[in-house]
1. Any idea which of (1) touching a residue at least 40 places away in the same chain (Cβ under 8 Å); (2) buried (at least 22 other Cβ atoms within 10 Å of the Cβ); (3) part of a helix (DSSP H, G or I) is the one PHE234 doesn't satisfy?
2. Search segment 99-115 for residues that are more than 13 Å from VAL131 (Cα to Cα) and free of Cβ contacts under 8 Å to residues at least 60 places away in the same chain and pair each with any residue that is more than 12 Å from the ligand (Cβ to nearest atom) and acidic (Asp, Glu) when their beta-carbon atoms are under 9 Å apart and the residues are at least 6 apart or on different chains.
3. Keeping to segment 37-57, report how many residues are open to solvent by 40 Å² or more (accessible area, probe 1.4 Å) and under 15 Å from VAL72 (Cα atoms).
4. Got a number for residues in segment 242-254 being more than 12 Å from the ligand (Cβ to nearest atom), open to solvent by less than 10 Å² (accessible area, probe 1.4 Å) and of a type outside the set (A, V, I, L, M)?
5. Could you identify the single residue in ASP229, ASP286 that is touching a residue at least 24 places away in the same chain (Cβ under 8 Å) and in the same structural domain as PRO98 (by TED's automatic domain parsing)?
6. Name the one entry in LEU87, LEU94, LEU118 that is crowded, with 23+ Cβ neighbours inside 10 Å, more than 14 Å from the chain's Cα centre (by Cα) and closer than 29 Å to GLY206 by Cα.
7. Can you name every residue in segment 93-120 that is small (Gly, Ala, Ser) and more than 13 Å from the ligand (Cβ to nearest atom)?
8. State the number of residues belonging to segment 121-144 that are farther than 12 Å from PRO192 by Cβ and either open to solvent by 50 Å² or more (accessible area, probe 1.4 Å) or within 15 Å of the ligand (Cβ to nearest atom) (or both).
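The values are calculated or read from the model by the stated rules, or taken from the named source; none is laboratory data. Because the structure is predicted, anything quoted here is derived from the model rather than measured. Glycine also receives a Cβ, built like all others from the backbone with ideal geometry; neighbour counts cover every protein chain displayed. All accessible areas refer to the heavy atoms of the entire protein, side chains included, with ligands and DNA or RNA removed. Shrake-Rupley method; radii C 1.70, N 1.55, O 1.52, S 1.80 Å.
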Amino acid sequence: MKAFNVRILLIAPIILAIAFGSFLPQSVSADVPKAEDDFQIAKVAEGVYAAIAKSGGLASGNAGFVIGNDGVLIFDTFFTPAAIEELIAEIQSLTKLPIKFAVNSHYHLDHTGGNQVLAARGVPIIAHDNVMIWQTTKNKRFLPAPEELAKRKADAAKQLADTPAEQADKRSQLERTIRRLDAMMTIKLTNPTKTFKSGTMTLDLGKRKVILATLPGHTGGDVFAYVPDAKVVFTGDLGWSRTLPNLVDATVNDWIPTLDQILKQHPTAKFVPGHGNVAGAADIKDFRDYLDDLRARVKQGIANGLTVDQAKQQLTLPEKYKSFAFQNFAVPNVDDMYKELKATKQTN
Ligand SMILES: [Zn+2]
């Protein structure tokens, strides 16, 4: 019996070491970030995939891809070159077909930050005309200057050095911040190569077609994609699933009819939203209703004589939207809505 106990004592540290990965080489150990820390691939239909961004990773916005008979279309290029490289590796694990097209749903950096990778591969990048104007200008507000990024990185590195090993959560948070800053330092704002501003554009992937169209609301330069044979819509940021939207460039008065039109045309489609999980029409309708509720509440507030600051304080989010992600947008959205209704908002 005594000998048995000794053996357990000798083996226990080995079992623990295996369980916690300390026997693994550094390149595959648990704390080295990988694609699965940045996004989750979800198969939406045969050959149609969503890449759902994970919080704090290098993707930030959702992307997706469509595999046809003679090539692949990538819808949106994430926030960083590193993230789109990871997506290309995922695609290449599924098909040997070349990447034939990329699409930018709109200019926001969390959907275009990987453009340079596709441009370097000679892949045409298709977007709304306005992306050509805003990609390298307005996006600067989402991409701090190199000196600022370097300063933030130095601050995070110092904090990490000062954080003891027992505070593992804080350390891993700081490591993720540093990884994100490193990835941001590699972004070169890169224009699309082919643009349009009205009607539709049909992209040919052999037998499979992808139809692009544009509608207003989120930025005034948004493109969404429909895969007719699979009944899948990639909405870009025209659609958010169980997530409060960013209204910084939005015109809600245009956005609600846009969503009504998309829902009317695609009542049974699956939707790959710009943020949040793969959705059905009911989720897109909930999002449309959030915008409508917001507009109605703010309109009433203005009628009651509230100032913008009073509106931001008093018009709290209805219960039904409190489980949505990105709660930090709740108050700024009242501000944006107020300014839109008062016609004082600086929009595109
Ligand atoms: Zn956006």
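1. (3)
2. Going by the 9 Å Cβ cut-off, the qualifying pairs are GLY114/GLU85.
3. Total satisfying the criteria: 2.
4. Looking only at segment 242-254, we keep the residues that are more than 12 Å from the ligand (Cβ to nearest atom), and these are 242, 244, 251-254.
Next cut, open to solvent by less than 10 Å² (accessible area, probe 1.4 Å) only: 244, 252.
Now restrict to residues that are of a type outside the set (A, V, I, L, M): none.
Number satisfying all stated conditions: 0.
5. Values: ASP229 fails: touching a residue at least 24 places away in the same chain (Cβ under 8 Å).
Just a single option satisfies the conditions, and that option is ASP286.
6. Working: LEU87 fails: more than 14 Å from the chain's Cα centre (by Cα); LEU94 fails: crowded, with 23+ Cβ neighbours inside 10 Å.
Answer to the selection: LEU118.
7. Let us first name the residues in segment 93-120 that are small (Gly, Ala, Ser), namely 93, 102, 105, 113-114, 119-120.
Selection gives SER93, ALA102, GLY114, ALA119, ALA120.
8. The initial filter retains those residues of segment 121-144 that are farther than 12 Å from PRO192 by Cβ, namely 121-122, 137-144.
Then drop every residue that is not either open to solvent by 50 Å² or more (accessible area, probe 1.4 Å) or within 15 Å of the ligand (Cβ to nearest atom) (or both), which leaves 121-122, 137-143.
Selection size over segment 121-144: 9.
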